[in-house]
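I have placed the structure first, in the form of structure tokens, so that the comments after it can refer back to it.
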Amino acid sequence: MSDIKRYPGNAKGRCRAVEHNGYIWVVGVGAGDTVTEQTHNMLALVEKHLNEAGSNKHRILETTIYLTDMSKKDDMDAIWCDWIPDDGWPCRACVGTDLAPGDLVEIKLIAAKV
């Protein structure tokens, strides 16, 4: 399995990113008290993780965003749409679900290496 590169995270049993065969899988949550704050902070971390793994937000192929409260989707979308490049919108889904205590939004994505 030496062809799989793992980028350890802070949570036991999980990586913040995994790289294999020209693709990078990234997951992120962000600190803050609101969906807006968490989305903003999370996307900064996601961008950092992508860059460390040899990719960037222009190379994102697919994204799944999880929200604890779908009535806050517009708040998340405002931050997302300012962050994602106009010429690089990935295939994206947004799902309402329960998350870990304190987490209001979580993102998981797949990107191609540069």
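If the condition is being touching a residue at least 12 places away in the same chain (Cβ under 8 Å), loosely packed, with under 15 Cβ neighbours inside 10 Å and under 16 Å from residue 85 (Cβ atoms), then segment 10-65 contributes 44, 58, 61, 62.
Among the candidates 5, 48, 72, 57, the residue that is closer than 16 Å to residue 114 by Cβ, in contact with a helix residue (DSSP H, G or I) (Cβ under 8 Å, 6 or more places away or on another chain) and basic (Lys, Arg) is uniquely 57. Checked against the criterion of being under 19 Å from residue 93 (Cα atoms), free of Cβ contacts under 8 Å to residues at least 60 places away in the same chain and part of a strand (DSSP E or B), segment 66-78 has at least one qualifying residue. Being part of a helix (DSSP H, G or I), more than 12 Å from residue 106 (Cα to Cα) and more than 10 Å from the chain's Cα centre (by Cα) is the filter here; which residues of segment 38-56 pass it? Across segment 38-56, the qualifying residues are 48, 51, 52.
Could you please let me know if residue 63 is under 10 Å from residue 105 (Cβ atoms) and out of contact with any Cys (no Cβ under 7 Å at 6 or more places or on another chain)? When the stated conditions are applied, residue 63 does not pass them.
Rundown of residues vs (1) at pLDDT below 95; (2) surrounded by fewer than 17 Cβ atoms within 10 Å (Cβ to Cβ), yes/no style:
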site: 69; (1), (2): no, yes
site: 73; (1), (2): no, yes
site: 89; (1), (2): yes, yes
site: 109; (1), (2): no, no
site: 114; (1), (2): yes, yes
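The values are calculated or read from the model by the stated rules, or taken from the named source; none is laboratory data. Everything quoted here is computed from the prediction, not taken from an experiment. Please note: Cβ atoms are built from the backbone with ideal geometry, for glycine as well, and neighbour counts cover all protein chains shown.
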